[in-house]
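Structure, as structure tokens:
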Amino acid sequence: MIRMKNYRDLSSTAGDVGAGFQFEFYCQCCDFTWRSPFKAHRMGQLTGWLTRLTFLMTDLNKAGKATSAMSTAGARGAHEEAFEAAQAQAQRYFNQCTECRNQACDECWDDSLSQCKTCLNKHKRPGGASAGHGGGYDEGQGGAGGLACPNCQVPSSGGRFCHECGFDMASTHKSCPGCGGVMPRAARFCTDCGHGF
């Protein structure tokens, strides 16, 4: 099983009355997220209750500390087990790109090429064909007609905002309504599909 890295650990600590494990997985191309079901960690919850009780009864302080140490040791294994189960479930919602190795949701995935939309847009040639179909594409040109973001210099993948830094491309560029390619604001025709502005 591929170990996914596109997650946030939402688990609560071992000495908490609400102790348990939960993970949020996210698409590395868009804002889609999926959360695993919360899995309670009973030993951690018990420790949380004992810790609260020890503040009321000082004689139980040593017992509370010992239980806490036992719970922390047991939590590592339980956390790893819960994470493995969450990953197995999350793999139904995400695909690993063969090029960039990022995880993409079904909306951002091209099944025929096993690539995410970010990589597909990066290799798009003028005229709408992909770089892998027929030669003649110059990597130095960048995607979408050879335009790069004026702020970070990353080749544009289309759309109003830069996919790397969020710069508003509409201030210096415009999107083609026909194909979504990014053109300079003064352009009269789209260089990708020939649409007139």
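The values are calculated or read from the model by the stated rules, or taken from the named source; none is laboratory data. All values derive from a computational prediction rather than experimental measurement. Note that each Cβ is placed from the backbone with ideal geometry, even for glycine, and that neighbours are counted across all protein chains shown.
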Next item on the list: Could you list, in sequence order, all residues of segment 101-122 that are surrounded by fewer than 15 Cβ atoms within 10 Å (Cβ to Cβ) and part of a loop (DSSP other than H, G, I, E, B)?
Entry: 101, 111, 112, 114
Next item on the list: Enumerate the pairs (first residue in segment 79-95 and in contact (Cβ under 8 Å) with a residue 40 or more places away in the chain and assigned by TED's automatic domain parsing to the domain that holds residue 12; second residue anywhere and among the aliphatic types (A, V, I, L, M) and not in a helix (DSSP H, G or I)) with beta-carbon separation below 6 Å, excluding pairs fewer than 6 apart on the same chain, so at least 6 apart or on different chains.
Entry: 87/4
Check: So which pairs qualify, if the first residue must be in segment 171-195 and free of Cβ contacts under 8 Å to residues at least 12 places away in the same chain, the second must be surrounded by fewer than 18 Cβ atoms within 10 Å (Cβ to Cβ), the Cβ gap must be under 6 Å, and the two must be at least 6 apart or on different chains?
Finding: 188/197; 189/196
